[in-house]
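Here's the structure we're looking at; comments come further down.
The values are calculated or read from the model by the stated rules, or taken from the named source; none is laboratory data. The shown structure was predicted, so the numbers you read here are calculated from the model rather than taken from an experiment. Heads up, the Cβs are rebuilt from the backbone with ideal geometry, glycines too, and the neighbour counts pull from every protein chain shown. Protein only, heavy atoms only, side chains kept; ligands, DNA and RNA dropped before computing areas. Shrake-Rupley method; radii C 1.70, N 1.55, O 1.52, S 1.80 Å.
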Amino acid sequence: MYGYRCKKCGKLHHPARLVCDKCEGREFTEEILDGEGTLLTYTRVHNLPAGIDKPVLDFGIVQMREGVCVSGQLDIDGEIYTGMKVRATEGVVRVMNGVEHTGFIFVKA
Amino acid sequence: MREVGIVGVGHTKFGKSDLPFLDLLGAAALEALDDAGIKTGEGHCVDQLFVSSMGASIQNRISGSASALVDSLNLRPAMAECVENGPASGGSAVKLGYMAIASGMCDCVLVVGGEKMGKGKEATDFVATMLHPEAEYPYGLTLTSFAAMFTRLIMDKYGVTSEDLARIAVKNHANACHNPVAQLQKPVSLEAITTGPDMEKINPPVAEPLRRYDVCPMSDGAAAVVLCAMDIADKFKRRPVRIAGIGQATDTHCVANRAVPTDLLAVRLASQKAYKMAGLTADDMDCAELHDAFQILELVESEEAGFFPRGQGHIGIRNGETEIGGRIPINTSGGLKAKGHPLGATGISQIIEVVKQLRGEAAGRQVEGAKAGLCVNFGGFGNNVVATVLTKD
Ligand SMILES: [Zn+2]
């Protein structure tokens, strides 16, 4: 999984965007996001959409050490709490029309 | 710029419907035309039709609904277009109708919104298609997931409790009992959904900390309004309700990218813009229809729209200030929670409730002497919001 760093002002974005919202720059360099972060909020979802074949799944919003905030799935056994340290991994989050989509899956740091 | 008013309203009963999508829209449209006293066919006065729906092409496999409806209603050769702006499609379509008349291009515009949502996991997935196509939707994230994570932040920051959210649902169910077009016309007690012995059964967790009564139902339904230029309003059967102000604002597409994750900035900006255009303030509003797809949204929108200071809305709910008879009655219709939420109809349905309040036709739920009201129609998870201020002429 990547962050997209503005070549002009250095702000890190996720997901990719066309224009930097800090300096109007239009060029970005890809940077792997696999570090640690802090869980800002989370939920355990019981009414998952079609295409997710699980009874329940945990999701969270994480502030990465690099500064950018991202959404992702959580794969954490035991207690989940706001402020806990997590680590970003990349994994298959959904299969759509036979195509595997990868994304952030956060584990306990 | 010409002034614009509403001279006709039509509203199907929300809930499961066996009618095909276009017939559902047609039922609301005909009721609105009849209310305004507009005859269809040769010499009719409708210059333009707007149809709002988020999912007709996804859920019903129908595109070009406006072309179909304009012919079926015998309103040819009026101009016709579809409007898609997620759950804010209805508010957007009324805004476009306003612009068409204010510009001088049209005298009379029919705006019809509707949805056949389907049910279960497929419907949940369809609604989620408005999320970011890479950073949100593929994860299995849904609008309910984001509402749940937002609720946790609000609870931690402001001391809002699950009981506060339940109080909003209790109020909205009570209001819906007096609204003949509401989907869930049944009262619910605070005890039953918070501490009662069957609580886990009737109010199970959906996306923690949210439970069933914190979330609106899936609905089919349609709603329609007839807009006209105020300078020709005396041609119609009904006295017009004035569209005094419209505001719209957008925010980051991804929820995770919000500068202040507990704010609904687009609600604040859209409301402020609508008040400014109307030359009014939040204090001038006698009632409001706020987009409570999740009960937490009614709470935070009531703050962002200026009815309460930030972090104080739940105190107002505990004090009954948002009930009918309170300082600022909110969702007298029953709101999305109990009236139902067919996405493309919702923004128009909200406007119809305020029209009924200003006409004095909201039997059983009337806000006495109502002269002005606000509607907030919320798209995405707050990334596209339309606010409308209506006044009695
Ligand atoms: Zn930049």
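Tabulated values for the structure
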| item | result |
| --- | --- |
| Failed item, numbered, when B:S63 is tested on (1) part of a loop (DSSP other than H, G, I, E, B); (2) open to solvent by less than 10 Å² (accessible area, probe 1.4 Å); (3) within 29 Å of B:K119 (Cβ to Cβ) | (2) |
| Residue that is farther than 21 Å from B:G15 by Cα, modelled with pLDDT of 95 or more and out of contact with any Ser or Thr (no Cβ under 8 Å at 6 or more places or on another chain), where the choices are B:F150, B:F146 | B:F146 |
| Odd one out for B:I154, checked against (1) open to solvent by less than 40 Å² (accessible area, probe 1.4 Å); (2) within 30 Å of B:F21 (Cβ to Cβ) | (2) |
| Only one of B:V109, B:V160 that is aliphatic (A, V, I, L, M) and farther than 20 Å from B:P209 by Cα | B:V109 |
| So A:E66, is it away from the ligand (no atom under 16 Å from the Cβ) and closer than 29 Å to B:A207 by Cβ | no |
| Checklist (1) open to solvent by 40 Å² or more (accessible area, probe 1.4 Å); (2) over 22 Å from B:M218 (Cα atoms) applied to B:L73, failing item | (1) |
| Index of the failed condition, B:T129 passing every other in (1) touching a residue at least 12 places away in the same chain (Cβ under 8 Å); (2) away from chain A (no Cβ under 14 Å); (3) open to solvent by 10 Å² or more (accessible area, probe 1.4 Å) | (2) |
| Complete set of residues in the stretch B:185-211 that are open to solvent by 40 Å² or more (accessible area, probe 1.4 Å) and in contact (Cβ under 8 Å) with a residue 12 or more places away in the chain | B:Q185, B:K186, B:P187, B:S189, B:L190, B:E208, B:R211 |
| Of the criteria (1) surrounded by 12 or more Cβ atoms within 10 Å (Cβ to Cβ); (2) over 30 Å from B:F126 (Cα atoms), which one A:H14 fails | (2) |
| Single condition B:D164 does not satisfy, out of (1) in contact with a strand residue (DSSP E or B) (Cβ under 7 Å, 6 or more places away or on another chain); (2) open to solvent by less than 40 Å² (accessible area, probe 1.4 Å) | (1) |
| Per-region count, the stretch A:46-70, residues facing chain B (nearest Cβ under 7 Å) and within 18 Å of A:V92 (Cβ to Cβ) | 8 |
| Residue match in the stretch A:40-59 (condition: open to solvent by 60 Å² or more (accessible area, probe 1.4 Å) and touching a Ser or Thr at 6+ places or on another chain (Cβ under 7 Å)) | no |
| In the stretch A:75-103, the residues that are more than 8 Å from chain B (Cβ to nearest Cβ) and closer than 25 Å to A:R5 by Cα | A:K85, A:V86, A:R87, A:A88, A:T89, A:E90, A:G91, A:V92, A:T102 |
| In the stretch A:1-50, residue farthest from the ligand (Cβ to nearest atom) [restricted to those that are outside any strand (DSSP E or B) and in contact with a Leu (Cβ under 8 Å, 6 or more places away or on another chain)] | A:L48 |
| Pair list, Cβ < 6 Å and 6+ apart or interchain, from the stretch A:8-29 residues that are within 11 Å of chain B (Cβ to nearest Cβ) to residues that are more than 10 Å from the ligand (Cβ to nearest atom) and of a type in the set (A, V, I, L, M, F, W, C) | A:H14/A:V68; A:H14/A:V70; A:P15/B:A135 |
